[in-house]
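Report on the following structure.
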Amino acid sequence: MLAIKSSIIAIIMILLLLWVKNRNIIKPVNRLNKSINGIDIERHLGYRLPLTESDTFFGVASSINNILDKTSSYFYELKENQEKLQSSNEEISATYQQLAASEEELRAQYDEIQSYTEKLESLRQKYEIAIEGTNSAVWEFDMEDENIYFLEGFKNIIGRATKEKENIYTTLKKFLSLKDEEKLIKEIVKYIRGEKEEIHIQVKITDIFGNLKWLLIRGKGIFDSNNDIKLINGIVLDITSMKGQEEYISHIAYHDPLTGLPNRRKLMQKLEEDIVESNYGAVMLLDLDNFKGINDTLGHLYGDKVLKKIAEELENIKDEKVFVSRFGGDEFFILVQGEKDIDVIENYAKQIMNIFKNKIIIEGEETYLSCSMGITLYPFHSNEVSQLLMNADMAMYKVKNLGKNNYMFFKEEMTEKLQEKMKIEGILRNALKKEELKLLYQPQVCTFTGKIVGFEALLRLKNKHISPGQFIPVAEETGLIVEIGRWVTKESINQISKWKKKGLDIKPISINFSPKQLNDLNYIKFLENTLKEANVEAKYIEIEITESIFLEEKEKNIAFINKLKSLGIQILLDDFGTGYSSLNYLTFLPVDKIKLDKSLNDKFLEFENVKVIDSLIFLAKSLNLEVIAEGIEDVVQYKRLKAAGCHYIQGYLFSKPLEVEDAEKIYDDNFLDKISHDQL
């Protein structure tokens with residue numbers, strides 16, 4: 001029992017001890033542990049452990065709080081030092097960055113200086129090359145002591161060394177002529193006075209070898225603080241070679257390459273200068289007669305040699321008053337300068353004409369030439385270059401029209417004729433635009449039946465009293481005949497088409513063909529297309545040509561006519577008997593008919609001369625050619641032509657040229673019925 005009590009007491013004591021232990025040790029330890037876990041210096045630097053004096057671990061908690069106080073103090077001090085350190089680091093970083101930027105800037109400046117150094121070296125080398133390559137020299141003129149310094153290259157120009165410093169006037173006298181010396185001094189003075197922006201002048205010198213050299217001198221001033229010129233720096237450039245090239249180019253520009261004579265440009269320049277300086281003189285235009293025939297028969301190379309020979313002959317009569325030039329082609333202009341005596345001027349003209357009295361022999365070939373020359377005087381006829389050239393041209397063409405191989409002075413009435421020609425040209429151009437051209441139709445009548453066998457289309461101007469004899473030559477000269485020729489061709493073909501549509505018996509229309517139309521390279525194609533569009537057969541178109549077509553480029557023109565014939569076109573030789581060698585032409589020309597000219601009929605249809613006509617008609621028939629006599633106005637002529645066997649008659653005996661409406665009215669008439677049997 002006692003043992004049980006002792007055990008119970010022991011248990012109670014143990015439990016009591018455990019309670020005391022729990023109260024005084026375990027719970028305080030847990031509280032202390034919890035408090036310690038609440039410490040967070042980073043987030044809550046002011047945190048402290050709660051203190052209870054009765055607490056078993058009061059002393060421990062107090063010690064921990066003391067540690068926390070010191071830690072907090074150290075932390076604040078550390079933070080303050082950290083901020084100071086960070087500030088110092090930032091200052092150091094900024095300083096470093098500044099140093100780095102300065103280093104970069106210094107490096108860039110160094111690179112830039114290095115680049116400038118390289119560029120300066122390159123420029124120095126280029127400068128030396130330029131000085132040597134251009135054969136130039138650098139100079140400097142001191143305004144105070146009037147000394148000139150030659151820095152580079154002058155030795156190469158003059159052929160000897162010079163003093164580095166020398167009085168400018170001594171230098172100028174040494175190398176320049178008096179004229180060029182004065183010219184250069186004037187140039188410098190003008191620059192100093194501000195009259196020029198720079199010194200820029202060309203002068204001539206003679207080097208030690210006696211060679212003439214051209215120098216270009218350029219310079220500009222260096223100004224002091226008072227804006228006064230202190231120094232003048234510049235360059236002397238040897239331009240001798242360039243001057244030679246300029247002279248060569250100028251010679252080419254102002255001279256004819258074939259003859260070496262001054263050309264058109266030089267002539268006009270010379271004439272303009274002489275009109276101002278001399279005030280009077282003469283202009284002569286020389287044009288070779290029939291020179292194209294020489295080119296065509298003997299060749300262009302031979303023709304060129306003839307031109308050179310003529311140029312030499314003209315040069316032989318040249319004196320201080322005479323200026324000879326080649327204007328182009330076979331035209332030469334001669335100026336007689338400063339002369340107003342007509343007899344003297346005419347004497348020069350006669351000397352020129354005498355050149356052509358003798359034969360010209362080139363490569364064994366003998367050639368005879370003639371020329372036509374027009375002469376105009378200044379200021380008597382004009383003071384304008386263009387007008388003087390035109391005057392000489394008009395006078396020259398007047399000589400051509402009168403038979404060539406002569407000279408003539410310009411007359412004012414020639415201008416009136418030129419103005420009339422220009423007026424007619426304007427009318428023709430306007431007529432082409434506004435369809436103011438028309439065709440009249442003159443019947444061609446069979447000599448034996450009296451019936452119309454065809455018509456000749458004759459060009460007229462509507463509402464204008466200008467005859468074909470006036471406007472056709474103008475059309476020829478201006479080239480309008482090409483366009484007019486096409487109009488006549490198309491109008492004639494269209495008229496045949498209209499007659500065809502009316503059911504009339506188609507009669508051919510003959511149209512006149514100018515030599516100028518041979519230059520219309522597309523005419524044959526145009527003719528072919530026009531016939532096709534109008535549905536007209538080529539055999540109803542007859543083309544009248546004259547012998548003049550074959551005077552130049554004979555083979556080429558015959559080939560052209562043969563192309564026309566290949567289309568089926570009939571070819572008539574017009575104005576037969578008025579040309580150069582009509583009978584000879586008949587043996588080779590591709591013609592189908594000949595047309596006896598009115599002048600031939602008037603001359604040889606007289607009773608005593610009628611055998612000439614008989615012979616011509618007989619010859620034509622023997623060559624299988626048909627004959628038309630034009631300009632027949634009386635029955636006597638008709639009867640004689642009929643007796644000679646002439647095929648067709650055209651003329652006022654039967655009908656004048658008619659409007660198309662009137663032509664249609666007599667379309668099927670028999671003209672023999674209109675002539676009395678007594679007359680026949």
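We did not get these values from a lab; they are worked out from the coordinates using the rules stated. Everything numeric in this text was worked out from a predicted model, so none of it was measured. Cβ placement follows ideal geometry from the backbone for every residue including glycine, while neighbour counts extend to all protein chains displayed.
Values as computed for the structure displayed
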{"item": "Lysines whose Cα lies under 20 Å from that of K639, excluding same-chain neighbours fewer than 8 positions away", "result": "K451, K595, K598, K603, K611, K621, K656, K674"}
{"item": "Calculated FRET efficiency for the pair T71/A100, C-beta based, R₀ 30 Å, to 0.05", "result": "0.15"}
{"item": "Protection proxy ranking, peptides 559-565, 91-97, 208-214, average beta carbon neighbours within 10 Å, highest first", "result": "559-565, 208-214, 91-97"}
{"item": "Potential extension, K230-I8 segment - 0.36 nm per residue separation minus Cα distance", "result": "66.4 nm"}
{"item": "Ranked packing of 384-390, 177-183, most packed first, by mean Cβ within 10 Å", "result": "384-390, 177-183"}
{"item": "Peptides 471-481, 368-378 ordered by average Cβ neighbours within 10 Å, highest first", "result": "368-378, 471-481"}
{"item": "Efficiency of FRET from Cβ geometry, L521 and K190, R₀ 51 Å, rounded to 0.05", "result": "0.25"}
{"item": "Segment K438-I361, length gained on full extension (0.36 nm per residue, minus Cα span)", "result": "22.5 nm"}
{"item": "Estimated FRET transfer efficiency (E413, K173; beta-carbon r; R0 60 Å; 0.05)", "result": "0.40"}
{"item": "C-alpha center-to-center spacing [the range 436-457, the range 312-355] in angstrom", "result": "53"}
